Structure formats: structure tokens, C-alpha cells
1. Can you work out which of the residues in segment 337-357 that are within 16 Å of the ligand (Cβ to nearest atom) and in a loop (DSSP other than H, G, I, E, B) is most open to solvent (accessible area, probe 1.4 Å)?
2. Does segment 106-114 contain any residue that is in a loop (DSSP other than H, G, I, E, B) and over 25 Å from residue 44 (Cβ atoms)?
3. Give 278, 315 a once-over and let me know the one that is open to solvent by 30 Å² or more (accessible area, probe 1.4 Å) and under 24 Å from residue 222 (Cβ atoms).
4. Could you grab me the full set of residues in segment 501-539 that are in contact with a Lys or Arg (Cβ under 8 Å, 6 or more places away or on another chain), closer than 24 Å to residue 284 by Cβ and not polar (S, T, N, Q)?
5. Which of the residues belonging to segment 160-173 are more than 13 Å from the ligand (Cβ to nearest atom), within 25 Å of residue 50 (Cα to Cα) and surrounded by fewer than 17 Cβ atoms within 10 Å (Cβ to Cβ)?
6. Name the one entry in 53, 41 that is open to solvent by 10 Å² or more (accessible area, probe 1.4 Å), within 30 Å of residue 336 (Cα to Cα) and more than 15 Å from the chain's Cα centre (by Cα).
7. Could you identify the single residue in 313, 302 that is among the charged types (D, E, K, R) and not in a helix (DSSP H, G or I)?
8. Given the conditions (1) without any contact (Cβ under 8 Å) to a residue 24 or more places away in the chain; (2) open to solvent by less than 30 Å² (accessible area, probe 1.4 Å), and given that residue 486 satisfies all but one, which numbered condition is not satisfied?
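The values are calculated or read from the model by the stated rules, or taken from the named source; none is laboratory data. From a predicted model like this one, the values you see are computed outputs, not experimental measurements. Cβ atoms come from the backbone with ideal geometry, glycine included; neighbour counts cover every protein chain shown. Quick note on the areas: whole protein, heavy atoms, side chains included, nothing else; ligands and nucleic acids left out. Shrake-Rupley method; radii C 1.70, N 1.55, O 1.52, S 1.80 Å.
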Amino acid sequence: MDLAESVAPQYEALVIGAGVCGIYQAYCLDRMGLKTAVVDRASDVGGTWHWNRYPGCRFDSESETYGYSFSKDLLAEWNWTERFAPREETERYLQRVVEKFGLRKYMQLQCTVTSAHWDEKARAWSVALSDGRSLTTRFLLTAIGLLSAPTLPRYAGVESFKGQSFHTYYAPREPVDYSGKRVAVVGTGSTGVQLIAEVADKVGSLTVFQRRPNWCAPLNNGPISSEEMLDIKGRYDEIFERCHNTPSGFIHDVDPRKVMEASPQEREEFWEKLYASPGFGIWLGNFKDMLTDVGANAEMSKFVANKIRQRVKNPAVAEKLVPKDHGFGTRRVPMETRYYEAYNRDNVELVDISETPIERVTPLGIKTSDQEREFDIIIYATGFDAITGSFDKIDIVGSDGLRLKDKWRQGPVTAYGLAVQGFPNMITLAGPQSGSVATNFPRGIEEAVNWCSGLLEHMRKTNSTRVEAKAETEIAWGEQAKVWLQRILFGREQSWFTGYNSNVDREPTTRNMIYAGGAQRYREHLSQEVSEGYPGFEIQ
Ligand code: NA7
């Protein structure tokens, strides 16, 4: 179709992705009465919670902080059954939201977007799908997830393995029978840690291939009784208010003291309490300088190292599990349930591949520099080309033939993580440098979706059909992102938050991927844009 000749694009808004973010955006578009489509390559809604079917998958957000806050009716209806809900429950929750608010009619599933090209004359995006169709839309809203481009290791022979093998993201829908099987897990990030702890007592043998250990801390999960759920329902306003006022959008807020302001005994007691408490408190509710000061961080790391040494019986194995190259919390802290105890089992072996590197995957198993081990199942918990990886998979071409992939080649460049100069009418809802990355995800995306919906409403009221971020807005935002990242120890470490991934063709340097200034400051930036009439954007 020649867009220039068409009266209007087929859709006013096209959302890519039917996960947590896309579903809420669809709800807002529905309420605004815009002609909407939501496309997703999966066979059902749920995004992350549709895909990651590996054993042990669950979130590390307190369940009552993970649900949407927009509907009192929904909050009153839904019962979470565990402090930290498993994948299956969250998937059911998202499916229920879609049914409850009549959003199914917008969903076009098993539709992979292959390209999106901006047509200046039509002021619309032309979106190509893998099934051969092409859709046109005024606004393109990406809700493609932070971790939806899984990466396999680039070892020789990965394809040659004769047993069953999969990346955790693509774990089979059908239950896998682990009993009596010789299972290998490669990778010890949050995913590997959940998986290892869950399957250790269900397999014949488990061999963990660890490149770098992470600092893990107990999740302290437990059931939510019906009385507790009733109590939570009565406190939702207070719970969301609290999340609204922490930098991370979680219920955990930093302690106003510095590490060295507390006596050794006070420190020990505080850390013991955090270690025994549910969730991210130990990471995000710690002393205020724990994540910014090397000395303060080293004290905390010593405390956690001792916990690992106490929990792992074999001292040589314990030493391999204690990170030596980074401090506690300077990479994402995997939350665990009896993870370290898994290594006390006779059927579990830890292979330190920094000492004996993997040379290749063979038809029968994995060959390290010292021996070949045979397996029935190999599970790759090797992470993602995070945040920008799923953008790179779509051929996104803006005005003047500019490719997003090229623009972001040296790292993302954005206005508030939500828009990109040269890519009009595209809102990157959970994009790099947005407030959704380093936060309790549903809290972050509600902010982004509300802002986006407000912008679309503003454009409707002013009869505008084109919005584009200004170059100076991007420059200023890039500086903001850089400044905040440099203030935290996190910014110096190689992890997915800083764009590191050894399995993709990219310099292994840290990238300006996240905005670490905190949710409150981020909100202020967005509110200011609105109250001042969007000065950071060109609206026509
Ligand atoms: P992560 O946190 O990126 O962890 C990936 C793990 O896989 C990590 O231990 C890596 O070791 C390891 N890895 C990656 N590539 C290889 C190769 N080639 N060989 C051996 N080991 C490798 O991903 P997750 O899926 O665990 O977690 C992602 C997020 O999901 C998590 O933060 C939560 O927010 C939810 P490395 O440390 O790079 O040496």
C-alpha cells in the first residue's frame, strides 16, 4: 500500500509485546478509545512469564508490589499465594487481567515483527510481520521486554549434542523428566541459581559450570495465608505509596546510616536481620553507602562471604562460590532458596570454568580443558543480550533512512529512555535508560505507560500527528544517565545492566544502559516535560 495515498494508517497505536508492559499499555489505549493492535511472537500473553518455563522461575519482587496498581477492582479480586510468586501464578495473573479488561480483542499472537519503517509523508510506521502481513500505525509503542533476546554460549559443538538441551528462556512447555538424569547447567546468574536450587534433589546428577560466581542472598519465600492476603488488600494504598517513594520502586528503602557510622555489633545485627528477611532488603534496604563506597561495600561482602562459607560444607567448594572480582550487590543479586546447600549434596558437582575452561560441547556432553563429562540434558542459563538486544532483532528504520541499530551501535542514545531522535512517533516504553530498567518492573512501566498515554492524549487534543525527541534532549539525558551510573559501584561492573555479554559481537565494555538516578528523580523529569508542554520534543 502506498501510505502517502492512504487517508490514515490502519492503527493509531501498535504495541509490540503482550507482557506486563504491553498489557497495561493496551488497557490505557482501550480506555482512550484509540484503534489499537498488540502483536507478540508468543502463542499467548505474558511475555517473560510466558517464556521462562525453567524449574524454579519466580520473581524477586514482593508479590503484592508486582501487580498493577491501576484497578481497585483487580486488586480486590486477585489473591497471591506466595510472598514471591512462581512463574505460573504470574502468568495466570496476566491472563486474567487481559480477560477481565477485554483486551484479547487487540492481541495478534504468534506474530513476530521483522521490521518497522517510518514513512515521513504518511507520518506513520509501516510494520512488517513474519507471516508476510504489513500493518501501518501512527504510533509505534515498543513493550519488548528487557530480557527477551536470550543468548547461547558460542562454544564449538553446541548443535552437536545428542541429548536434550535448551536455553532457560526456551525451556520446554511439556514437563521435563529430570529423575535419574545427568544434568548440566551452564551459568550462575539469577536464573541459574533458581534452577540449580530447584532441580538439585530431582536429578540423578547435577554439574554446574560456573564462570564467575555471584553474591546470592536468601529470598526467604513463604506462603501468603488468606488472612495475610486480606490484610494486604487493606493496605494496597500504603504499599504502592511506599514503592512510589523508594528509588527502586520496591518496598525496600535505604537505611540512612553509613556502614561505619554503626558499631561492628550494630552492623552485624542489622545484616543478620536483613539476611533473614524476605526479598531485596539486603540489597536495596542496606546502609546508604553500601553500594557507593568501596570500603563500606567490602565490609558487607565479608559478611556475606562468611555466610557462604558457613553454608557450604566443603571449604574448597565454598571458596569457588565466593566472588573475588566484585563486591556484594554491584551486580544483580540472585535471590536463592537453599542454593548453597545444593553444593552439599553428593550428586552435585561445581566445575569452575575459570580454571578449567569449556573447550567444546560434544555429542555426549561437555569437554573442559581437563576432561569430558557426559550428560543427558544440558541447560544453558547463559543470559540475554539485555535491553537493546530485542530492538536489534527488528529492522527499525527512522527518518532519513537511519537504522536504530546503527544509531545505538556505540550504546543507546535516548530521551528519557522513551524516545529517540530520528524515530518519530516511536515510544520505547521499557527502553534503555528508561526508569523501567533499574526498578521493580511493574512500578516502572506504569510510570512510562502513563506518560506515553498522556502524550498521545495531548497530541489528540492539539491535533498533532508527529512527535520527535530533540537532539539536545538526548544529549542531556545521556549525561544524566552517565552521571548517575558513575556514582554507584554497579556502573563499573560487567553485567547485563551495563550491557555486557560475552556471547554477542560487541566490545566487552560497559555501556550507558540504565538510568540510576532513582524512580523519584525520573518521575520529576517526566512530570516537568508534561507541565512545561513537552519542551524536549518537537510536536507537530
Ligand atoms: P545473567 O545474570 O546474565 O547470568 C548469565 C550467567 O551465564 C552468568 O553466570 C554468566 O557468567 C554465565 N555465562 C554467560 N555466557 C557464558 C558462557 N559462554 N560460558 C559460561 N558461562 C556463561 O542472566 P540470568 O538469566 O541469570 O538473569 C537475567 C535476569 O533475569 C536477572 O538479573 C533477573 O533480573 C531476571 P559471567 O558472570 O558472565 O561470567
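1. Of everything passing the filter in segment 337-357, 355 is most open to solvent (accessible area, probe 1.4 Å).
2. So the first thing to find is which residues in segment 106-114 are in a loop (DSSP other than H, G, I, E, B), and the list is 109-112.
Among the residues that remain, those that are also over 25 Å from residue 44 (Cβ atoms) are: none.
Scanning segment 106-114, I find no residue that is in a loop (DSSP other than H, G, I, E, B) and over 25 Å from residue 44 (Cβ atoms), so the answer is no.
3. Every option except 278 fails the conditions.
4. 516, 519
5. Within segment 160-173, 163, 164, 172, 173 meet the criteria.
6. Exactly one residue qualifies, and that residue is 53.
7. Going through 313, 302 in turn, the sole match is 313.
8. (2)
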